[in-house]
Amino acid sequence: MSQQEVMEHKVKLRAEGSEEVSGLVLPPVGLNEQDLARYLESHNIDISQFGQNGTKSLKNLSKELICADSFLLTDANGEVLRVLDQVMLQVVSPSGKILVCSAHVSPDGTRKEINMLPSSKGRPDESQFVTARRILRKQIRIDESQVKLDPTKSRICEEFGTASNLPWIKTVIRRRFIFASLMM
């Protein structure tokens, strides 16, 4: 159909306002500082405590939410929960050896011993297996086709508590353990 025919037959090619939406861009995540303050106050959380005595500031919590490092939800009792998703990748070689990150080296050369499985925060917009593949690509720097992820051996461990830097909001840490075997 030509442009002229489209106009003559009054065919709509786009929904109104669609020029502002892109399927290629992820939707916004989190709350800006003002919206976060309103949300917390509506759940009877005193926002004047934020940023005091070593606690996380409202601005930093907002940034954490916008970066999708965590998200907030309300439980059945109406309490606000801060949820952190962490994917732990257990990579096993054919000989049975398990890959462990022994240390983190900062750009300034400072070395910090960590001795843990390769891990990353999971984003609310990605599955645990997408996060696992991101760990393979960006942290371990191995070709994803050389590793087989086994969903049948995946496990989730939830830890409930309060973080020392946010004592008035309950925090849930979801650790998702993904089993991966090297194919050599």
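Does any residue of the range 143-152 turn out to be without any contact (Cβ under 8 Å) to a residue 40 or more places away in the chain, in contact with a Leu (Cβ under 6 Å, 6 or more places away or on another chain) and not basic (Lys, Arg)? Reasoning before the result, please.
As a first pass, look at the range 143-152 and keep what is without any contact (Cβ under 8 Å) to a residue 40 or more places away in the chain: 143-146, 148-152.
Filter once more, keeping what is in contact with a Leu (Cβ under 6 Å, 6 or more places away or on another chain): 144.
Applying the additional criterion that residues be not basic (Lys, Arg) yields 144.
Checking the range 143-152: at least one residue is without any contact (Cβ under 8 Å) to a residue 40 or more places away in the chain, in contact with a Leu (Cβ under 6 Å, 6 or more places away or on another chain) and not basic (Lys, Arg).
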(request) Can you tell me which residue among ILE114, ILE135, ILE66 is at pLDDT 95 or above and among the β-branched types (Val, Ile, Thr)? (result) ILE135
(request) Those residues that are out of contact with any helix residue (DSSP H, G or I) (no Cβ under 8 Å at 6 or more places or on another chain) and without any contact (Cβ under 8 Å) to a residue 40 or more places away in the chain, I need them from the range 118-133; list them, please. (result) SER127, VAL130
(message) If VAL21 satisfies all but one of (1) modelled with pLDDT of 70 or more; (2) under 25 Å from GLU126 (Cβ atoms), what's the number of the condition it fails?
(response) (1)
(message) Please verify whether VAL147 is over 29 Å from ASN53 (Cβ atoms), among the β-branched types (Val, Ile, Thr), under 13 Å from the mean Cα position of the chain (by Cα) and surrounded by 12 or more Cβ atoms within 10 Å (Cβ to Cβ), treating the condition exactly as stated.
(response) no
(request) List every residue pair whose Cβ atoms sit under 8 Å apart, with the two residues 6 or more apart in sequence or on different chains, where the first one lies in the range 28-51 and is on the phi > 0 side of the Ramachandran plot and the second, anywhere, is surrounded by 11 or more Cβ atoms within 10 Å (Cβ to Cβ) and not in a helix (DSSP H, G or I). (result) GLY30/CYS67; GLY30/ALA68; GLY30/PHE71; GLY51/SER57
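If I ask for residues that are touching a residue at least 24 places away in the same chain (Cβ under 8 Å), within 25 Å of LEU149 (Cβ to Cβ), among the hydrophobic types (A, V, I, L, M, F, W, C) and part of a strand (DSSP E or B), which ones from the range 80-110 would you list?
Quick first cut of the range 80-110, residues touching a residue at least 24 places away in the same chain (Cβ under 8 Å) only: 80-94, 99, 101.
The next check asks that each one be within 25 Å of LEU149 (Cβ to Cβ); those that pass are 83-94, 99, 101.
So of that shortlist, the ones also among the hydrophobic types (A, V, I, L, M, F, W, C) come out as 83-84, 87-89, 91-92, 99, 101.
Once the filter is applied, which keeps residues that are touching a residue at least 24 places away in the same chain (Cβ under 8 Å), within 25 Å of LEU149 (Cβ to Cβ), among the hydrophobic types (A, V, I, L, M, F, W, C) and part of a strand (DSSP E or B), the range 80-110 yields VAL83, LEU84, VAL87, MET88, LEU89, VAL91, VAL92, CYS101.
Condition first: among the acidic types (Asp, Glu) and surrounded by 10 or more Cβ atoms within 10 Å (Cβ to Cβ). Now tell me which residues in the range 73-118 satisfy that.
Our first condition is that a residue be among the acidic types (Asp, Glu); within the range 73-118, this holds for 75, 79, 85, 108, 113.
Listed by number, the residues that qualify are ASP75, GLU79, ASP85.
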(request) Could you list, in sequence order, all residues of the range 165-184 that are within 30 Å of ASP75 (Cβ to Cβ) and either under 16 Å from the mean Cα position of the chain (by Cα) or surrounded by fewer than 11 Cβ atoms within 10 Å (Cβ to Cβ) (or both)? (result) THR171, VAL172, ILE173, ARG174, ARG175, ARG176, PHE177, ILE178
(request) State the number of residues belonging to the range 52-72 that are surrounded by fewer than 15 Cβ atoms within 10 Å (Cβ to Cβ) and more than 21 Å from the chain's Cα centre (by Cα). (result) 3
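Working only within the range 135-184, note down all residues that are polar (S, T, N, Q) and closer than 16 Å to VAL87 by Cβ.
At the first step, the residues of the range 135-184 found to be polar (S, T, N, Q) are 139, 145-146, 152, 154, 162, 164-165, 171, 181.
Within the range 135-184, GLN139, SER154 qualify.
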(request) Give the residue that is modelled with the highest pLDDT, with candidates limited to residues of the range 24-50 that are in a loop (DSSP other than H, G, I, E, B) and in contact with a helix residue (DSSP H, G or I) (Cβ under 7 Å, 6 or more places away or on another chain). (result) PHE50
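The values are calculated or read from the model by the stated rules, or taken from the named source; none is laboratory data. Values in this document were obtained by computation on a predicted structure and should not be read as measured data. Here the Cβ is made from the backbone with ideal geometry for all residues, glycine too, and neighbour counts use every protein chain on show.
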